[in-house]
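Contents: one structure, followed by commentary.
The values are calculated or read from the model by the stated rules, or taken from the named source; none is laboratory data. Since this is a predicted model, take the numbers as computed values, not measurements. Heads up, the Cβs are rebuilt from the backbone with ideal geometry, glycines too, and the neighbour counts pull from every protein chain shown. Only protein heavy atoms, including side chains, enter the accessible area calculation; ligands, DNA and RNA are left aside. Shrake-Rupley method; radii C 1.70, N 1.55, O 1.52, S 1.80 Å.
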Amino acid sequence: MIEKSAGPRMSNSSAPHGPQRVLIVASFVSRVGNGLFNTASVLYFTLVVHLPADRVGVGLTIAGLVGLLAGVPAGNLADRYGPRTVWLTALAMQAATMAAFVVIHDWVTFTLIATLDRLAATAGGAAGGALIARAGGERPAAFRAKLRTFVNLGVVLGTLGAAFAVSVGTRPAYTALILANATSFACAGLIALIGLPNYRPLPRPEEHHRWAVLSDRPYVSFVALYGAMGLQYQTVSLLLPIWLSAHTDAPRWTVAAVYAVNSGVCVLLQSRIGSRVETPRQGGRAFRLAGLLFLVSCPLMALTADVPAWIAPVLAVLAVVVHSLGEVWESSGGYALGFGLAPDHAQGQYQGLFGVGFDAGQALAPAVLTTAVLGLGHAGWLLLGVFFAAVGAAGPPVAAWAERARRSDEEELAAVGDHERTG
């Protein structure tokens, strides 16, 4: 069941624009660094460190799975001691682990450092979610959508910068990328330390416990849906490029065009659409709409294999425009539900589970998409679209279930309070 929030949701007076600007700048800086490193990381580990590609994959899988363990505990720490402290600690740890990548020489050390990095990233995500809830005031979902716009822009700029190091291909060039990413975490932490208030923990009701989120069945159900819908991100970044290169006659530049269009649509529309999706009910409807858009985009992507080479790029771009609209509605709905269904005093804990669900879905996505969808060909694409539509259709019922559970809890607590006052 959903815990009753300790007091009303934070007002706008507790969320001035200053902290929001600081969070935007700090997140933008760190994501530029992510874009620099993530684009070239696999090439660095395989071509410079000379680790076998399959062992790099195993190491990253281990790191990703272990990293999931930090979500809820780190969120609890953020709720108990304040989200800024936990977020700054996570950023400092990421700066250190990233810098350590320049001295690795063997698989064991690589896996250990990658695991520590993922633990820090997961902890930072939980604490960062709690910070967004505090800085966002009465509109945390709208602020999160606005923040995502700048985060996406940062990743795009970083990716463009990484192209230089990849083209040079020397160890010093890759080392510069890694150290630039480490520096971005340090700079983000310094910006947050100077500009963010040290939000105090909110009062917690007596029935609160460290694992309360796991007994909140509506929220756990929503997290499962969000993790499943998260397969759509790698539909564009992984599945479609493989499909275009192996099953169509589209020119190679089509893949770059697909990435550019996806990023552009998200940057241009995320804040605008996100400002219209703020309540859990609106979030459920947005989730459903996203599923329907994916139901259209996936078959369009499959059809690129059945058209002439000069039409395939046009059809791919059209499919990605539709898919990107779905992505914006999906993320906006996810933010509205993720923040709106969580009690104010436990945002860290709830955002921790929210991040774990998303990361788990991303970890499973490559295996699911490359085996099930590619293995079935056109039928696989159609089934993928139907799957997304079914997941999206579950959004409104889950949102309604969660709101009923919240009202029931509030009425029960109000009745207890009345009984104590009259007794």
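Result for the chain in a Gaussian network model with C-alpha springs under 10 Å: among GLY283, GLY385, GLY333, the largest mean-square fluctuation is at GLY385. The three principal axes of the C-alpha atoms in the chain carry coordinate ranges of 77, 46, 36 Å, sorted with the longest axis first. When only Cα pairs below 8 angstrom with a gap of at least 6 residues are kept, the chain shows a relative contact order of 27 percent. Amide H to amide H, with H built 1.01 Å from N, ALA250 comes under 5 Å of no residue 5 or more places away or on another chain.
If I compute solvent accessible area with a 1.4 Å probe over the protein chains, what percent of it on the chain is carbon and sulfur? Accessible surface attributable to carbon and sulfur in the chain totals 67 percent.
Working from Cα pairs under 8 Å separated by at least six residues, relative contact order for the range 155-294 is 13 percent. Using a cutoff of 8 angstrom between alpha carbon atoms and counting only pairs six or more residues apart, the relative contact order for the range 19-122 works out to 36 percent.
Summing charges over neighbours of GLY227, with a neighbour being any other residue whose Cβ is under 14 Å away from its Cβ, gives -2 when K and R count +1 and D and E count -1. Taking the three principal axes of the alpha carbon atoms in the range 95-161, the coordinate ranges are 48, 28, 14 Å, sorted in descending order.
Simple point charges give the picture: +1 on the Cβ of Lys and Arg, -1 on the Cβ of Asp and Glu, and for the chain a dipole about the Cα centre of about 740 debye.
By how many degrees, between 0 and 90 and to the nearest 10, does the Cα long axis of helix 83-100 differ from the longest principal axis of the chain? Computed tilt is about 20 degrees. A 1.4 Å probe run over the protein chains yields, for the chain, 43 Å² of accessible area per residue, whole-number rounding. Counting only alpha carbon atoms, the long axis of helix 253-274 and the longest principal axis of the chain meet at about 20°. Taking a ≥ b ≥ c as the square roots of the eigenvalues of the alpha-carbon gyration tensor, the range 240-340 is classed prolate because a/c is 1.5 or more and a/b outweighs b/c.
Shown here is the pair-distance distribution of the range 138-284: with all Cα-Cα distances grouped in 5 Å bins from zero up to the longest one, the shares run 2, 7, 9, 12, 15, 17, 15, 10, 6, 4, 2, 1, 0 percent. Restricting the range 199-305 to chymotrypsin sites (Phe, Trp or Tyr not before Pro) that sit in a DSSP loop and have at most 15 other Cβ atoms within 10 Å of their own Cβ leaves TRP211.
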